[in-house]
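One structure is given below, encoded as structure tokens.
The values are calculated or read from the model by the stated rules, or taken from the named source; none is laboratory data. This is a predicted model, so every value here is computed, not measured. Positions of Cβ are backbone-derived with ideal geometry, glycine not excepted, and every protein chain shown enters the neighbour counts.
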Amino acid sequence: MMSPVETQAIEATTSSKPLLAVQELTRAFGGLVAVRDVSFDVYPGEVYGLIGPNGAGKTTVINMLSGLLPPTGGTITFRGQRIDRMPAHRIAALGLSRTYQNIRLFGAMSVLQNVVVGQHARMRASLAERLVFSPRVRREEEAARRRALTLLEEAGLASLASQPASALAYGNQRRLELARALASGPHLLLLDEPAAGMNAAESQALGTRLRTLAEGGLSLLVVEHDVSLVMSLCDRIGVLNFGNLIAEGTPTEIARDPQVIEAYLGSDE
Amino acid sequence: MSEFYNANSFLISLVGINAIMALSIYITLSCAMLSLSNAASMAIGAYTAALLTQQLAWALWPAVVAGALMSGLVALVLGLPIMRLSGVFLAIATLGFGEVIRIAIVNIDALGGSEGFRLNSGDRTIEASGWEVYGVLLLIAYFFSRLKGSRMSLALQAIREDENAARTMGINVTFYKVAAYVTGAIVAGIAGALYAHLRSFISPGDFGFQRAVDVLVFAVVGGTLAWRGAIMGAVLMTLLPEAIRVVPIVGGFNIKDQPEIFSGVILLAVILFLPNGLLTVALSLNRIRRPARKVIGHKEASP
């Protein structure tokens with residue numbers, strides 16, 4: 001079933017401890033079970049893809065991981081700590097960051113301010129110190145501003161720094177959301193359909209950017225419909241269908257898996 | 001100059017009090033919380049400070065501080081459970097809180113009940129004047145000017161824009177909402193304590209529904225994008241009823257008896273034509289003068 005090369009590749013990634021361990025994660029909305037007993041691990045530096053047809057429960061999983069939706073069952077462990085009952089802001093401070101399928105920027109705030117807000121959990125200085133013009137506050141704010149500008153330069157948005165975020169074109173809003181998510185210096189980045197609404201060239205550029213981030217040691221969990229992006233980007237892929245994880249493996253294995261093909265295209269019958 | 005002040009000293013001080021009240025609601029509005037308990041917080045500050053100076057012979061400033069702290073404490077105890085509410089539900093809960101406070105005062109004889117509480121009836125007089133009011137307003141304005149652009153102010157703005165996105169940016173939304181609510185109550189408590197010693201008479205009717213709405217109108221008319229707007233709104237809406245005294249009586253209808261009508265018309269006009277209140281005017285003037293610069297928020301990016 002598995003070629004020797006692929007087996008080795010998986011062993012290489014699984015030899016270290018997982019950064020994120022999801023076990024029997026379940027979420028029911030009344031009688032409807034949106035996610036049922038889903039288990040998977042994401043290892044440091046790994047790019048893990050989560051795919052599946054519409055309504056399979058992918059966004060529900062992401063919302064539970066980021067703390068916006070409490071699970072009704074199962075556990076989530078991130079960097080050795082249980083986060084399934086932790087408030088969202090503490091999960092973010094632990095180093096788990098995310099973007100949204102439907103972009104959710106702070107529209108009335110400037111592009112630069114959006115990225116500064118992304119650093120909220122890294123900043124320490126209190127308002128009391130600011131009232132007395134403490135130099136520590138000034139240094140911290142200056143550092144946050146410089147870091148935000150660096151991130152905006154990497155995203156190609158530096159020239160738009162003072163614009164309100166809502167004035168940006170769609171593609172730039174996507175880039176800004178990624179820059180904002182990176183601002184906290186996360187260990188794991190959750191990307192909910194980062195290529196939605198992008199053309200082939202844009203999604204290829206996004207793939208290159210994400211690959212660079214992963215090579216820099218950042219772990220990524222990507223929910224995506226763009227098959228070519230997922231196949232070229234991810235180390236491993238999990239497939240959700242009707243809330244169940246029906247397959248997991250390398251891109252080549254997933255592309256050959258009869259269950260996956262059935263879930264996406266329907267069976268012959 | 002001093003003659004003008006003597007003739008209008010109460011009105012001039014009232015402008016300052018109302019500006020402080022407008023700032024107290026500005027901070028909750030700045031994170032999209034529609035809280036209407038500012039009048040009640042003002043009452044708590046007023047009665048606490050009045051009792052302390054009159055019954056226990058405290059000096060003015062310790063009493064003002066105690067009134068502010070009492071108001072903040074009540075808001076903290078109340079704030080923790082009601083911060084789960086938002087939008088119209090929060091507005092109704094805080095309005096209910098306001099009524100509870102007002103009715104409680106009506107029924108407490110030690111506070112004078114519905115008759116009101118008279119200060120300085122004995123030989124010892126503790127009063128506040130315009131100097132005290134404007135000194136305090138200056139201090140509070142300083143607080144707001146330092147708040148602007150701070151980590152807390154960015155967090156409040158982010159909460160106003162998108163609460164859940166703010167959560168996943170590491171912002172402790174509940175903490176900041178409670179902090180904003182308590183700060184607003186403290187500021188309103190200060191205004192109340194000063195008001196009591198300015199007027200030397202307070203009654204539950206001073207802190208009822210009408211006051212709660214007036215304070216909201218100050219902030220909305222002024223604009224809620226920046227703290228300066230709240231002050232501008234308070235100044236305009238306090239002086240306007242005085243200005244319309246010059247309007248002649250037409251057909252037996254005396255508009256100066258109905259200043260609420262005037263306020264209502266102004267509020268409607270502002271909502272329809274100036275979505276950011278009086279600030280809209282200030283902001284567009286700024287833009288004409290300095291077209292390249294951003295008006296609100298961070299300094300410009302260096303090239």
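Against the condition modelled with pLDDT under 95, more than 7 Å from every other protein chain (Cβ to nearest Cβ) and surrounded by fewer than 24 Cβ atoms within 10 Å (Cβ to Cβ), how does A:Pro53 come out, does it pass?
Yes; evaluated as a whole, the condition is true for this residue.
Return the only residue of A:Ser166, A:Ser219 being of a type in the set (S, T, N, Q), modelled with pLDDT of 95 or more and touching a strand residue (DSSP E or B) at 6+ places or on another chain (Cβ under 6 Å).
Step by step, each of A:Ser166, A:Ser219 is checked, and only A:Ser219 is of a type in the set (S, T, N, Q), modelled with pLDDT of 95 or more and touching a strand residue (DSSP E or B) at 6+ places or on another chain (Cβ under 6 Å).
Table: residues versus (1) at pLDDT 95 or above; (2) farther than 30 Å from B:Arg84 by Cβ; (3) of a type in the set (Gly, Ala, Ser); (4) surrounded by 23 or more Cβ atoms within 10 Å (Cβ to Cβ).
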site: B:Asn172; (1), (2), (3), (4): yes, no, no, no
site: B:Thr183; (1), (2), (3), (4): yes, no, no, no
site: B:Leu194; (1), (2), (3), (4): yes, yes, no, yes
site: B:Gln210; (1), (2), (3), (4): no, no, no, no
site: B:Gly222; (1), (2), (3), (4): no, no, yes, yes
site: B:Ile244; (1), (2), (3), (4): no, yes, no, no
site: B:Asn254; (1), (2), (3), (4): no, yes, no, no
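Residues checked against (1) within 30 Å of A:Ala169 (Cβ to Cβ); (2) under 20 Å from the mean Cα position of the chain (by Cα); (3) among the polar types (S, T, N, Q):
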position: A:Gly80; (1), (2), (3): no, yes, no
position: A:Ala92; (1), (2), (3): yes, yes, no
position: A:Asn102; (1), (2), (3): yes, yes, yes
position: A:Met109; (1), (2), (3): yes, no, no
position: A:Ala128; (1), (2), (3): no, no, no
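Which residue, of B:Gly79, B:Gly96, is within 24 Å of B:Lys148 (Cβ to Cβ) and modelled with pLDDT under 95?
Going through B:Gly79, B:Gly96 in turn, the sole match is B:Gly79.
Select, from A:Ser184, A:Ser162, the only residue that is part of a loop (DSSP other than H, G, I, E, B), within 9 Å of chain B (Cβ to nearest Cβ), within 25 Å of A:Ile91 (Cα to Cα) and not aromatic (Phe, Trp, Tyr).
Going through A:Ser184, A:Ser162 in turn, the sole match is A:Ser184.
So, B:Leu60, is that one farther than 20 Å from B:Phe207 by Cα, in contact (Cβ under 8 Å) with a residue 24 or more places away in the chain and touching a Ser or Thr at 6+ places or on another chain (Cβ under 7 Å) or not?
Here the answer is yes, as B:Leu60 does meet what is asked.
Taking the condition of being more than 8 Å from chain B (Cβ to nearest Cβ), farther than 22 Å from A:Ser97 by Cβ and surrounded by 15 or more Cβ atoms within 10 Å (Cβ to Cβ), how many residues in the stretch A:115-136 meet it?
Within the stretch A:115-136, residues that are more than 8 Å from chain B (Cβ to nearest Cβ), farther than 22 Å from A:Ser97 by Cβ and surrounded by 15 or more Cβ atoms within 10 Å (Cβ to Cβ) number 1.
Rundown of residues vs (1) more than 30 Å from A:Arg136 (Cα to Cα); (2) free of Cβ contacts under 8 Å to residues at least 12 places away in the same chain; (3) among the aliphatic types (A, V, I, L, M), yes/no style:
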{"residue": "B:Ala46", "(1), (2), (3)": "yes, no, yes"}
{"residue": "B:Ser71", "(1), (2), (3)": "yes, no, no"}
{"residue": "B:Phe89", "(1), (2), (3)": "yes, yes, no"}
{"residue": "B:Ala93", "(1), (2), (3)": "yes, yes, yes"}
{"residue": "B:Arg102", "(1), (2), (3)": "yes, no, no"}
{"residue": "B:Arg124", "(1), (2), (3)": "yes, no, no"}
{"residue": "B:Met152", "(1), (2), (3)": "no, no, yes"}
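Scan (1) touching a Leu at 6+ places or on another chain (Cβ under 7 Å); (2) charged (D, E, K, R); (3) at the interface with another protein chain (Cβ under 9 Å from one of its Cβ atoms) for the single condition A:Arg175 breaks and write down its number.
Looking at each condition in turn, A:Arg175 falls short on (3).
Filter the stretch A:203-233 for residues that are of a type in the set (Val, Ile, Thr) and part of a helix (DSSP H, G or I) and give the result.
A:Thr208, A:Thr212, A:Val227, A:Val230
What helices (runs of 4 or more DSSP H) lie completely within the stretch B:115-228 and have 1 or more residues being of a type outside the set (A, V, I, L, M), within 14 Å of chain A (Cβ to nearest Cβ) and farther than 30 Å from B:Leu274 by Cβ?
Helices (runs of 4 or more DSSP H) meeting the threshold: B:151-161, B:163-167, B:173-199.
Look at A:Ala144 and say whether it is hydrophobic (A, V, I, L, M, F, W, C), facing chain B (nearest Cβ under 10 Å), in a helix (DSSP H, G or I) and under 16 Å from B:Ala158 (Cβ atoms).
Considered against the rule, which asks whether it is hydrophobic (A, V, I, L, M, F, W, C), facing chain B (nearest Cβ under 10 Å), in a helix (DSSP H, G or I) and under 16 Å from B:Ala158 (Cβ atoms), A:Ala144 comes out as yes.
Mind checking which residues of the stretch A:92-111 are more than 8 Å from chain B (Cβ to nearest Cβ), over 16 Å from A:Glu177 (Cβ atoms) and not in a loop (DSSP other than H, G, I, E, B)?
A:Leu94
For residues that are small (Gly, Ala, Ser) and either at pLDDT 95 or above or assigned to a strand (DSSP E or B) (or both), tally how many sit in the stretch A:56-79.
Residues flagged as small (Gly, Ala, Ser) and either at pLDDT 95 or above or assigned to a strand (DSSP E or B) (or both) within the stretch A:56-79 amount to 4.
Quick check on A:Thr252: is it of a type in the set (Val, Ile, Thr), over 17 Å from the mean Cα position of the chain (by Cα), closer than 26 Å to A:Ser16 by Cβ and surrounded by fewer than 18 Cβ atoms within 10 Å (Cβ to Cβ)?
The answer is yes for A:Thr252.
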